[in-house]
Every structure is written in C-alpha cells, then in structure tokens.
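Each reported figure results from applying straightforward, stated rules to the coordinates on display, with no laboratory input. Please read these numbers as outputs of a predicted model, since none were measured by experiment. Backbone-built Cβ (ideal geometry, glycine too); neighbour counts: all protein chains shown.
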C-alpha cells in the first residue's frame with residue numbers, strides 16, 4: 001500500500017509528490033542501507049580530503065536490513081518509507097502493541113511507539129551543505145499519528161529521542177518526560193491525543 | 001492507511017460482553033480491540049513457532065506458569 005505525500009525539494013525550490021510506502025521488506029531495507037552508507041562514506045571521504053569535520057548522524061550505525069528482518073512480517077512492527085524517484089528519503093519502524101502512555105491523564109493508555117526513525121543522509125544539514133528534501137521526518141511522524149488513530153489509540157505516540165533530534169520532536173509539540181535510564185538514558189517523549197490533533201491539522 | 005476489507009463477526013452474548021468490557025477498559029473501539037488482539041496473537045504464535053515459551057510470572061509468589069496458546 002502506498003500513499004502520495006508532499007516533500008519540499010530544496011534543490012528544485014518547490015514541493016514534489018513523494019510516496020509513503022506503508023510496509024517495506026528486507027530487500028528494500030538492504031538497498032536503502034547500501035544507498036545511505038555509500039553516500040555517507042563519500043561525504044566522509046570528501047570531508048577528509050578537504051580537511052574539514054563531518055558530524056555524522058547518531059543513527060549512522062543503524063542497519064535497517066537487520067531491523068526489518070527481525071520484525072519480519074509481524075503486524076505490530078510496520079516499517080514505513082518515504083520514497084522519491086525510487087530512493088528512500090526516510091524510514092521509520094513502529095511498534096503497535098505493548099506500549100502505554102506515561103503522561104499524567106494518559107497513563108496506561110495504548111500508544112504507537114516509534115522504535116526507529118531516520119532521514120536519508122543527503123537530507124541532513126549536519127552531513128551536507130545543501131540538503132535535498134525538507135519535511136521527511138514530519139511526514140513520517142504524521143504517518144505514525146495516522147497509524148495511532150487508525151488503531152484506535154487516538155493519536156497517542158511515544159518515542160525515545162536521540163539527542164540530535166530532541167529539538168525536532170519538541171518543535172512538533174511532543175512532551176519530553178526526561179531521560180529514561182531503562183533506555184540508554186535517552187529522552188522519552190510523548191504526544192497526547194490533543195497534541196496529535198494539533199499536529200495533523 | 002492501508003485499504004481495509006469488511007467481515008461480519010458473530011459473537012455470543014458472553015463474547016460480546018467481554019469485548020465491550022475490554023473496549024471500555026482500553027478506551028478503544030470494539031474493532032480496535034479485535035485488531036489489536038490479532039496483532040498480539042500473530043506475535044505470540046510466531047515466537048512460539050520459533051521455540052520460545054510464554055509465561056506469566058508472579059514475582060511475589062516466585063511462581064511461573066506457562067500459557068498454552070492454540
């Protein structure tokens with residue numbers, strides 16, 4: 001199943017139609033790993049040659065092939081992609097069972113947990129001087145909210161944020177609940193139904 | 001979101017009562033409860049097929065009971 005979504009192509013200077021793929025397979029994940037890692041390696045080499053430093057994304061070591069293989073065909077672990085011209089611009093794995101809200105007023109209610117979310121390296125300002133697409137993470141988070149709504153979880157989301165991504169999630173209106181010692185001390189963030197409605201509006 | 005197909009489900013009074021109770025407790029529609037149950041059943045089945053076992057553990061009584069799933 002695929003849906004059309006809009007991304008801002010900063011090189012072209014206008015909005016382009018991209019595709020949201022609702023469940024990718026291992027082959028797709030492997031191809032994306034190859035593309036992203038090859039690009040990153042070239043950027044690292046370029047930075048070395050120019051004697052400049054490159055700030056690698058915290059998720060640079062993720063291997064989506066392994067993640068998707070581990071999740072297999074199981075319904076509670078969909079991995080979504082945003083694709084433009086046959087290349088993944090971002091990937092996100094969700095977990096749709098066994099995760100519950102922690103925020104006061106929502107405690108114990110089911111939510112969709114964002115296990116992993118990453119944007120292609122050519123879209124990251126920390127990696128390239130002129131990133132290609134803007135809005136990849138936002139579109140993926142919107143898809144996570146839509147999944148939560150579709151499952152009857154009223155838009156509730158939860159995730160542990162890498163430190164580089166904390167401003168992004170705060171900007172989307174998520175509430176940070178602080179560092180979680182049970183999850184590598186990452187900052188745990190949640191989106192309430194009201195925040196979800198405001199976000200997708 | 002993915003396209004959906006519709007089916008008719010026949011439940012006994014007791015099954016419907018259980019579904020309604022879960023729906024209220026979980027603050028989810030009856031359809032959402034059943035879809036979630038399917039997800040859970042699929043994961044449990046896959047893990048059992050991989051050779052894992054499913055237990056309930058009572059930490060106070062230090063007792064474990066294996067849950068047998070169809």
Region A:1-73-region A:82-152 distance, computed between alpha-carbon centres (Å): 13
Let me check against my output: what whole-number percent is the relative contact order of region A:2-200, with C-alpha pairs under 8 Å and at least 6 apart? 18
Assuming R0 = 41 Å, can you tell me the calculated FRET efficiency for the pair residue B:52 and residue B:3, based on Cβ-Cβ distance, to the nearest 0.05? 0.80
Once both label points are put 7 Å beyond Cα along the C-beta direction, the residue B:30-residue A:107 separation in nm becomes 3.2
Dimensions in Å of the protein assembly as shown - Rg and Dmax from alpha carbons: 20.7, 74
Note down the relative contact order for chain B as a percent, whole number, built from C-alpha pairs under 8 angstrom at least six residues apart. 14
Hey, fewest Cβ within 10 Å first, where do B:6, A:119 land in order? B:6, A:119
Ranked from fewest to most other Cβ atoms within 10 Å of their own Cβ, A:122, A:36 fall in the order A:122, A:36
Relative to the longest principal Cα axis of chain B, at what angle does helix B:13-26 sit, 0 to 90 degrees, rounded to 10? 80
Simple spin-label model, 7 Å along Cα-to-Cβ: residue A:138 to residue A:100 in nm? 3.5
Using only Cα atoms and rounding to the nearest 10 degrees, what angle (0 to 90) does helix A:136-150 make with the longest principal axis of chain A? 30
Note the angle between two axes, namely the Cα long axis of helix A:26-49 and the longest principal axis of the Cα atoms of chain A, as a number of degrees from 0 to 90, rounded to the nearest 10. 50
Length gained if residue A:197 through residue A:179 is fully extended, taking 0.36 nm per residue and subtracting the Cα-Cα distance, is 3.9 nm
Hits in region A:1-34: amide N under 17 Å from the 7 Å Cα→Cβ extension of residue A:46, namely A:10-12
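How far, in nm, would the chain grow between residue A:54 and residue A:129 when pulled straight, counting 0.36 nm per residue and subtracting the alpha carbon separation?
25.9 nm
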Counting only C-alpha contacts under 8 Å and six or more residues apart, can you give the relative contact order of region A:14-85 as a whole percent? 63
